[in-house]
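Let me give you the structure first, and then I'll get to my questions.
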Amino acid sequence: MPDKLEILTRHWQDDGYERVIVRPGIALTLYSVEKLGAVMAAAAEALKAYLAFVPPGAIQAIYEPPPDEDSPDAFVPFDSAEAGRLLRQLQAGQPSPEDDYFCFELTGTPDGQAGDYAVSFAGVNTTQLDEDDTETSLLRFELPWTMLDTMDAAELVAFFIRIAALFPYCSGNAGMSFFHSAAFTAVAVDEIQKLLPRYLGFDSIYGAPYMDMRGKAPPAQWINFLGQQLVSKLGGEPALRIQLEGCPLERVGGGLSIRAAKYPPVADVNWQCPDIGLLPLVARTLQPVRLNSGIFTPMPNADSGQRWLERFDALACGKWDNSP
């Protein structure tokens with residue numbers, strides 16, 4: 001991994017205190033169109049696997065939204081009792097047929113600053129949606145970018161595939177990303193918008209793409225997950241294996257994973273994206289099913305969002321083995 005990613009961390013002065021509001025890392029994001037009860041139960045199993053994978057104490061707090069706009073954000077310590085309560089809630093399934101959503105956010109810091117570890121879940125009650133609604137449920141896990149200093153990339157890929165196999169995904173991706181928590185959303189997004197056009201290998205969940213991901217795939221990244229519906233739309237697995245020659249494809253749950261490079265690309269445009277791998281090939285292959293609404297991206301407006309979605313389309317590929 002590049003040894004200077006820490007320079008991408010961003011700080012903000014808040015009442016005389018310096019807060020970490022953006023941090024680079026590696027994230028796995030999965031989307032689902034299944035019923036909320038099934039998605040919650042699967043999220044519980046995936047969360048247990050994540051908590052067993054990360055160091056003890058990596059998750060420090062659970063975010064509780066304020067009851068009104070005048071109240072401060074609340075971060076409750078995430079101890080074993082709180083973990084048990086959350087897992088029981090998830091395993092019990094949909095709280096009530098009338099509930100539209102079930103959400104939670106776990107942070108790697110006690111006060112909502114951006115940390116190295118985090119989990120976020122936004123479960124949508126699909127029975128409450130109209131036929132033309134495009135929302136999906138979302139599950140995201142975050143890990144430090146330094147993890148690959150001590151772990152082989154294949155081991156991390158295997159972990160992401162194991163998580164994806166536990167979750168009824170319709171699409172998803174994994175790779176470099178910018179982290180922030182709900183505590184500093186507005187100022188963090190301003191900083192992320194400045195970083196994304198330069199570091200093409202980075203994705204960002206913020207911008208609510210899950211609001212329009214039904215029947216679509218997120219932009220190409222290090223690892224891409226396609227449910228069977230999307231695989232079929234792209235011509236089926238045999239056709240994809242031909243189109244994506246050079247990219248390892250693996251059956252995962254009810255779909256496929258596509259690995260665009262040996263290591264997660266940073267793709268710094270100031271250095272001509274030397275580690276881009278086969279991301280342009282994957283991007284062009286996914287184009288027919290890719291999210292195509294720039295308004296749901298992390299960028300300032302729909303036009304810049306559309307350019308961000310298309311950022312790899314016209315670029316040349318590098319080598320799949322993008323070892324530094």
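The values are calculated or read from the model by the stated rules, or taken from the named source; none is laboratory data. What you see is a predicted model; the values in this text were computed from it and never measured. Neighbour counts are summed over all protein chains in view; Cβ atoms, including those assigned to glycine, are modelled from backbone coordinates with ideal geometry.
Quick one: what pairs do we get from segment 142-160, first residue within 16 Å of I59 (Cα to Cα), second acidic (D, E), C-beta under 6 Å, 6+ apart or different chains?
Going by the 6 Å Cβ cut-off, the qualifying pairs are P144/D116.
Could you list, in sequence order, the residues of segment 157-204 that are within 14 Å of E250 (Cβ to Cβ), in contact with a strand residue (DSSP E or B) (Cβ under 8 Å, 6 or more places away or on another chain) and either surrounded by fewer than 20 Cβ atoms within 10 Å (Cβ to Cβ) or hydrophobic (A, V, I, L, M, F, W, C) (or both)?
Applying the first criterion (within 14 Å of E250 (Cβ to Cβ)) to segment 157-204 yields 157-165, 169, 172, 174.
Subset that is in contact with a strand residue (DSSP E or B) (Cβ under 8 Å, 6 or more places away or on another chain): 157, 160-161, 163-165, 169, 172, 174.
If the condition is that a residue be within 14 Å of E250 (Cβ to Cβ), in contact with a strand residue (DSSP E or B) (Cβ under 8 Å, 6 or more places away or on another chain) and either surrounded by fewer than 20 Cβ atoms within 10 Å (Cβ to Cβ) or hydrophobic (A, V, I, L, M, F, W, C) (or both), then V157, F160, I161, I163, A164, A165, A174 are the ones that fit.
Please go through segment 226-247 and pick out each residue that is surrounded by fewer than 16 Cβ atoms within 10 Å (Cβ to Cβ) and in contact with a Phe, Trp or Tyr (Cβ under 9 Å, 6 or more places away or on another chain).
Passing the criteria: only G246.
Counting residues that are more than 16 Å from the chain's Cα centre (by Cα) and at pLDDT below 90, which strands (runs of 3 or more DSSP E) fully inside segment 95-204 reach at least 1?
101-107, 118-124
Just checking, does segment 59-76 include any residue being modelled with pLDDT of 95 or more and surrounded by fewer than 20 Cβ atoms within 10 Å (Cβ to Cβ)?
yes
So for segment 250-259 (the condition being in a loop (DSSP other than H, G, I, E, B) and modelled with pLDDT under 95), does at least one residue qualify?
In the first step, residues of segment 250-259 are kept if they are in a loop (DSSP other than H, G, I, E, B); the result is 253-254.
Of the ones still in play, those that are also modelled with pLDDT under 95 are 253-254.
Checked against the condition, which is being in a loop (DSSP other than H, G, I, E, B) and modelled with pLDDT under 95, segment 250-259 yields at least one hit.
Follow-up. Please count how many residues of segment 21-43 are part of a strand (DSSP E or B) and either over 20 Å from the mean Cα position of the chain (by Cα) or farther than 21 Å from Q193 by Cβ (or both). Steps first, please.
Start the filter on segment 21-43 by keeping residues that are part of a strand (DSSP E or B), which leaves 21-32.
Subsequent filtering for residues that are either over 20 Å from the mean Cα position of the chain (by Cα) or farther than 21 Å from Q193 by Cβ (or both) retains 28, 30-32.
Number of matching residues: 4.
Here is a further query. What do you reckon, is P238 modelled with pLDDT of 95 or more and more than 17 Å from V22 (Cβ to Cβ)?
Values: modelled with pLDDT of 95 or more: yes; more than 17 Å from V22 (Cβ to Cβ): yes.
Against the criterion (modelled with pLDDT of 95 or more and more than 17 Å from V22 (Cβ to Cβ)), P238 qualifies.
Can you report the number of residues in segment 248-279 which are over 19 Å from I161 (Cα atoms) and surrounded by 22 or more Cβ atoms within 10 Å (Cβ to Cβ)? Let's see the steps before the verdict.
If we filter segment 248-279 for residues that are over 19 Å from I161 (Cα atoms), which is where we start, we get 266-278.
When the remaining residues are screened for being surrounded by 22 or more Cβ atoms within 10 Å (Cβ to Cβ), the result is 266-267, 273, 275-278.
Of the residues in segment 248-279, 7 are over 19 Å from I161 (Cα atoms) and surrounded by 22 or more Cβ atoms within 10 Å (Cβ to Cβ).
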